[in-house]
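Enquirer: One structure, as structure tokens, below. Some questions next.
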Amino acid sequence: MTDQVLDVTVEAGLHAEQELLAAVCKGEKDHGLLFWRPTDRALVMPRRMSRLDGFEAACAELAIAGWPVLLRETGGEPVPQSPAVINIALVYVAPKSEGDHGRIESAYERLCLPLCDVLREWGGLASVGEIEGAFCDGRYNVNLNGRKLVGTAQRWRQGLGGKRPVVLVHGALLLDNERESMVAAVNRFNECCELEQHCLADSHIALHEVVPQAPLLERLGQAYAEVIKGIARD
């Protein structure tokens with residue numbers, strides 16, 4: 001498994017995830033793990049948000065402010081991407097033993113639980129769940145010391161000639177503290193589109209605020225190698 005990070009634009013990183021998903025769907029790879037870090041900034045959101053009133057005006061204003069809007073294939077809400085973020089993409093064919101029931105929860109657990117284990121190794125209080133005031137809040141946030149560290153999402157496709165479901169489960173981990181400008185970008189988009197959500201910088205935390213010298217990629221590469229082995233045995 002990889003412990004190397006791909007430094008690319010946000011657009012290229014999103015494309016690399018989709019290419020990895022496509023390769024597993026075609027049977028070219030059994031599974032995939034990708035770490036990537038943006039070289040630029042963008043506010044990434046589901047395609048459905050492009051239908052909002054005020055969307056075009058919001059895009060124009062945010063582009064001027066240094067946060068151009070990009071659309072993604074997964075659901076959720078606006079998420080800031082910048083060089084302060086490490087993205088984790090895990091792709092695999094769902095085990096036959098899981099069936100359709102519970103496979104979404106299993107995919108999130110395979111992404112989130114290794115993260116929690118690693119954070120606990122470094123003395124952090126790790127949890128999974130919603131955090132009031134966080135952008136793109138959800139039941140499968142990975143939280144550190146009561147604040148959101150990682151946002152998660154997933155996308156499913158039928159692969160292997162339509163015979164098996166394949167998942168891309170994704171996490172965006174805030175490595176360095178850029179909370180204020182990120183939250184300001186999300187809040188400005190919401191204001192332009194007359195959305196009620198108001199996010200708070202203090203609802204988030206960056207890993208380097210707690211563990212400045214964390215060997216993140218090395219440990220996560222090892223942890224997800226074990227996850228993949230577990231799927232292969234299932």
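The values are calculated or read from the model by the stated rules, or taken from the named source; none is laboratory data. Everything quoted here is computed from the prediction, not taken from an experiment. So basically every Cβ, Gly included, is an ideal-geometry build from the backbone, and we count neighbours across all protein chains shown.
Enquirer: For the range 33-56, how many residues meet the condition of being small (Gly, Ala, Ser) and either modelled with pLDDT under 95 or more than 16 Å from the chain's Cα centre (by Cα) (or both)?
Expert: Pass one, the range 33-56, residues small (Gly, Ala, Ser): 42, 50, 54.
From what's left, either modelled with pLDDT under 95 or more than 16 Å from the chain's Cα centre (by Cα) (or both): 50, 54.
Residues that pass the stated criteria total 2.
Enquirer: Which of the residues spanning the range 24-80 are β-branched (Val, Ile, Thr) and either in contact (Cβ under 8 Å) with a residue 60 or more places away in the chain or crowded, with 16+ Cβ neighbours inside 10 Å (or both)? So that I can check it myself, show each step before the final result.
Expert: First, the residues of the range 24-80 that are β-branched (Val, Ile, Thr): 24, 39, 44, 64, 69, 74, 79.
Scanning the range 24-80 gives Val24, Val44, Val69, Thr74, Val79.
Enquirer: I'd like to verify a number: residues in the range 124-145 that are farther than 21 Å from Leu220 by Cα and without any contact (Cβ under 8 Å) to a residue 60 or more places away in the chain, how many? Explain how you work it out, then say what you get.
Expert: Quick first cut of the range 124-145, residues farther than 21 Å from Leu220 by Cα only: 130-139.
Next, from what is left, pick out any that are without any contact (Cβ under 8 Å) to a residue 60 or more places away in the chain: 130, 139.
Final tally of qualifying residues: 2.
Enquirer: Please identify the pairs in which a residue from the range 174-201 that is modelled with pLDDT of 95 or more and among the small types (Gly, Ala, Ser) has its Cβ atom under 6 Å from the Cβ atom of a residue that is crowded, with 19+ Cβ neighbours inside 10 Å and part of a helix (DSSP H, G or I), counting only partners at least 6 apart or on another chain.
Expert: Partner pairs satisfying both residue conditions: Ala201/Arg179; Ala201/Val183.
Enquirer: Under the condition of being aliphatic (A, V, I, L, M) and in a loop (DSSP other than H, G, I, E, B), which residue from the range 133-173 is surrounded by the most Cβ atoms within 10 Å (Cβ to Cβ)?
Expert: Going residue by residue through the range 133-173, those that are aliphatic (A, V, I, L, M) are 134, 142, 144, 149-150, 153, 160, 166-169, 172-173.
So of that shortlist, the ones also in a loop (DSSP other than H, G, I, E, B) come out as 134, 160.
Details: Ala134: 23, Leu160: 13.
Step by step, filter the range 133-173, then rank; the result is Ala134.
A quick yes/no check of all residues on (1) within 20 Å of Glu109 (Cβ to Cβ); (2) of a type in the set (Gly, Ala, Ser); (3) surrounded by 15 or more Cβ atoms within 10 Å (Cβ to Cβ):
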{"position": "Asp202", "(1), (2), (3)": "no, no, no"}
{"position": "Ala206", "(1), (2), (3)": "no, yes, yes"}
{"position": "Glu209", "(1), (2), (3)": "no, no, yes"}
{"position": "Pro212", "(1), (2), (3)": "no, no, no"}
{"position": "Pro215", "(1), (2), (3)": "no, no, no"}
{"position": "Glu218", "(1), (2), (3)": "no, no, no"}
{"position": "Gly221", "(1), (2), (3)": "yes, yes, yes"}
{"position": "Ile228", "(1), (2), (3)": "yes, no, yes"}
{"position": "Ile231", "(1), (2), (3)": "yes, no, yes"}
